[in-house]
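Student: Got a structure for you, questions after.
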Number of protein chains: 2
Amino acid sequence: MTIGVRRPIVKDMPNYGGSLDRVFQALADGTRRAMVERLIRGPVSVSELARPLEMSLPAVMQHIQVLEACGLVRSEKIGRVRTCRIEPDVLRTAEDWLAGQRTSWERRLDRLGDYLLDDPGTPEEGSL
Amino acid sequence: MTIGVRRPIVKDMPNYGGSLDRVFQALADGTRRAMVERLIRGPVSVSELARPLEMSLPAVMQHIQVLEACGLVRSEKIGRVRTCRIEPDVLRTAEDWLAGQRTSWERRLDRLGDYLLDDPGTPEEGSL
DNA sequence: TCATTGGTTAAGGAAGTACTTGACTATAGG
DNA sequence: CCTATAGTCAAGTACTTCCTTAACCAATGA
């Protein structure tokens, strides 16, 4: 269940410590998304988190570990119960990346629209 | 490189055909995110996509297949060159899920604030 | 005190992921 | 026609992921 670190993907370009890798990877599992949805409504214990899920407790623990490893969740043990709470900032990181792509896309569409409307010159596709 | 379909995660609850699984899984890889970032700027051929990446062409093809399998990218072959373009709607699907979580979180915080400010009654944590 | 509840650890296995190399097909251009 | 370019297919491999079972420990609470 560990998530490894890989070498840089694109030549001469940092990859933000692969944190987006870990966050998206964490969210790529329906069980973990269900946990996030539950945690968004408020902190809960491990067994509370586990109750609606059709799997063993250790499996649930491993999912929690993945969520904690990417900073999406924090937990604290008091007595014998471990209470998990969500860390919304990390969720935001992922949302920001997505939003960034969308706005780039939208700006590109705008430029493309302007070009089609009022300039009969011949700039290349790649420059748009 | 195939992405399988699993059984329902939470009892008696549909999982939207696992499409979020596939999208987040696709985005969990830095190479594929780099491809998305490139594609957002405009359609490109496979080898164009491959150029900045330090891996073999077949590897690049496999990443493209993952992106196509979740609907994030479409491609069309004309002559001997395959041109890939992004499908922004699917990107939006992921963004929407994230945004939904954030707004749930924010609404919960509001309710919590109201409660702390003006009601000395005793509603339970879970009801907030 | 002693069973129960809540959680944890360790080990193992089936399936999935991210590459590789090598061989191969199909255009495009001279 | 012939070579280079662009892409594809198949197989193999190292590693990761998701889950299991079988112990096990540590706080409750009767």
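Student: When all C-alpha to C-alpha distances in the stretch A:42-85 are sorted into bins of 10 Å, what percent of pairs does each bin hold, rounded to whole numbers?
Tutor: Taking all Cα pairs of the stretch A:42-85, the binned fractions are 29, 60, 11 percent.
Student: Between chains A and B, what is the buried accessible area summed over both chains (1.4 Å probe, protein heavy atoms, nearest 100 Å²)? Please report the intermediate quantities before stating the final value.
Tutor: Details: alone 9620 and 9580 Å², together 15120 Å².
Approximately 4100 Å², summed over both chains.
The values are calculated or read from the model by the stated rules, or taken from the named source; none is laboratory data. Note that this is a predicted model, so its numbers are computed, not measured. The accessibility values were calculated without ligands, DNA or RNA, using every heavy atom of the protein model including side chains. Shrake-Rupley method; radii C 1.70, N 1.55, O 1.52, S 1.80 Å.
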